[in-house]
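Peer 1: Take a look at the following structure, please.
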Amino acid sequence: LRPCRPEDIVVLMRSPNPRLRHYTRALAERGIPCGVQEDEDFFSTMEVAVAYALLQMLDNPRQDVPLIAVLRSPLFGFTPDRLAVIRGGHPAGDFYEALSASEDPACVDFLEQLEQLRSLAKDMSMHRLIWRLYNQLNMLGVFGAMAGGERRRENLIALYEHARAFEGAGYKGLFAF
């Protein structure tokens, strides 16, 4: 046996945000070294939010918020001005209708990819669909090349593992996920 060291001790908190700085300050005042891991909410990270919006869009492309989130993402790179032009060309109806009415080659390409992926989603397990999205859209590469890329890739892989666990528990389908 050896004497206990500070790195042997971990303080786990269910909801650390409201109290975390108080604990950190109190430990520091007593000369106790403290390392803090402040993780942002997993589903609110950009890469996971984009992947989730993409899955929502595959389930129902007529949801404006997920559709625009995916279009604005680094995966497709539509600018707000470009989206405004698309909307201006077809102001009635949902954004999917405006996108479908556009003759912009990027819109046509996006819609072709979307329809192909929607067709695949009907017969594919969730974790395989997610991995297909990662490969077809180079999501691991795109988000991996951004600041904090390794962490972003880990988050995307964690989403894939979450889908495997979801299916392992007997759940199925894009809507249920």
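The values are calculated or read from the model by the stated rules, or taken from the named source; none is laboratory data. All of these numbers come straight from a predicted model, not from anything done at the bench. Please note: Cβ atoms are built from the backbone with ideal geometry, for glycine as well, and neighbour counts cover all protein chains shown. What goes into the accessible areas is simple: the full protein's heavy atoms, side chains included, and nothing from ligands, DNA or RNA. Shrake-Rupley method; radii C 1.70, N 1.55, O 1.52, S 1.80 Å.
Peer 1: Against the definition (free of Cβ contacts under 8 Å to residues at least 60 places away in the same chain, under 19 Å from ALA49 (Cα atoms) and in contact with a Pro (Cβ under 9 Å, 6 or more places away or on another chain)), how does LEU67 come out, yes or no?
Peer 2: Details: free of Cβ contacts under 8 Å to residues at least 60 places away in the same chain: yes; under 19 Å from ALA49 (Cα atoms): yes; in contact with a Pro (Cβ under 9 Å, 6 or more places away or on another chain): yes.
For LEU67, the condition - free of Cβ contacts under 8 Å to residues at least 60 places away in the same chain, under 19 Å from ALA49 (Cα atoms) and in contact with a Pro (Cβ under 9 Å, 6 or more places away or on another chain) - is met.
Peer 1: Yes or no: segment 160-175 includes at least one residue that is part of a loop (DSSP other than H, G, I, E, B), open to solvent by 30 Å² or more (accessible area, probe 1.4 Å) and within 15 Å of VAL50 (Cβ to Cβ).
Peer 2: No, there is no match, as no residue in segment 160-175 is part of a loop (DSSP other than H, G, I, E, B), open to solvent by 30 Å² or more (accessible area, probe 1.4 Å) and within 15 Å of VAL50 (Cβ to Cβ).
Peer 1: Take the conditions aliphatic (A, V, I, L, M), touching a residue at least 12 places away in the same chain (Cβ under 8 Å) and open to solvent by 60 Å² or more (accessible area, probe 1.4 Å) and apply them to ILE32. Does it pass? Full working, then the answer.
Peer 2: Details: aliphatic (A, V, I, L, M): yes; touching a residue at least 12 places away in the same chain (Cβ under 8 Å): yes; open to solvent by 60 Å² or more (accessible area, probe 1.4 Å): yes.
Criteria met by ILE32.
This table checks each residue for (1) more than 18 Å from the chain's Cα centre (by Cα); (2) among the aromatic types (Phe, Trp, Tyr).
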{"residue": "LEU58", "(1), (2)": "no, no"}
{"residue": "PRO74", "(1), (2)": "no, no"}
{"residue": "TYR96", "(1), (2)": "yes, yes"}
{"residue": "PRO105", "(1), (2)": "yes, no"}
{"residue": "VAL142", "(1), (2)": "no, no"}
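Peer 1: May I pose another question? Only residues that are closer than 12 Å to LEU114 by Cα, without any contact (Cβ under 8 Å) to a residue 12 or more places away in the chain and assigned to a helix (DSSP H, G or I): list them for segment 40-64, please.
Peer 2: Within segment 40-64, just GLN56 meets the criteria.
Peer 1: Also: Mind checking whether some residue in segment 127-135 is β-branched (Val, Ile, Thr), within 19 Å of ALA51 (Cα to Cα) and out of contact with any strand residue (DSSP E or B) (no Cβ under 6 Å at 6 or more places or on another chain)?
Peer 2: Restricting attention to segment 127-135, the residues satisfying the condition of being β-branched (Val, Ile, Thr) are 130.
Subset that is within 19 Å of ALA51 (Cα to Cα): 130.
This time we only want the ones that are out of contact with any strand residue (DSSP E or B) (no Cβ under 6 Å at 6 or more places or on another chain), so: 130.
Yes, the conditions are met somewhere in segment 127-135.
Peer 1: Taking the conditions exactly as written (at pLDDT 95 or above and touching a helix residue (DSSP H, G or I) at 6+ places or on another chain (Cβ under 8 Å)), does PHE78 satisfy them or not?
Peer 2: yes
Peer 1: Just give me the residues in segment 59-114 being at positive phi and surrounded by 15 or more Cβ atoms within 10 Å (Cβ to Cβ), in sequence order. Outline the logic, then answer.
Peer 2: We begin by selecting, within segment 59-114, every residue at positive phi; these are 77, 93.
The answer is none; no residue qualifies.
Peer 1: Pull out all pairs, ordered by first then second residue, where Cβ-Cβ is under 7 Å, the residues are six or more apart or on different chains, the first lies in segment 101-127 and is hydroxyl-bearing (Ser, Thr, Tyr), and the second is open to solvent by less than 50 Å² (accessible area, probe 1.4 Å).
Peer 2: As it stands, the answer is SER102/ILE86; SER125/GLU167, since those pairs meet every condition given.
Peer 1: Right, something else. Of LEU117, LEU140, which residue is part of a helix (DSSP H, G or I), open to solvent by less than 10 Å² (accessible area, probe 1.4 Å) and under 20 Å from TYR160 (Cβ atoms)? Quick ask: steps written out before the conclusion?
Peer 2: Details: LEU140 fails: open to solvent by less than 10 Å² (accessible area, probe 1.4 Å).
Sole residue among the options that is part of a helix (DSSP H, G or I), open to solvent by less than 10 Å² (accessible area, probe 1.4 Å) and under 20 Å from TYR160 (Cβ atoms): LEU117.
Peer 1: Out of segment 143-159, which residues are open to solvent by less than 70 Å² (accessible area, probe 1.4 Å) and part of a helix (DSSP H, G or I)?
Peer 2: So the first thing to find is which residues in segment 143-159 are open to solvent by less than 70 Å² (accessible area, probe 1.4 Å), and the list is 143-144, 146, 148-149, 152, 155-159.
Selection gives PHE143, GLY144, GLY149, ARG152, ASN155, LEU156, ILE157, ALA158, LEU159.
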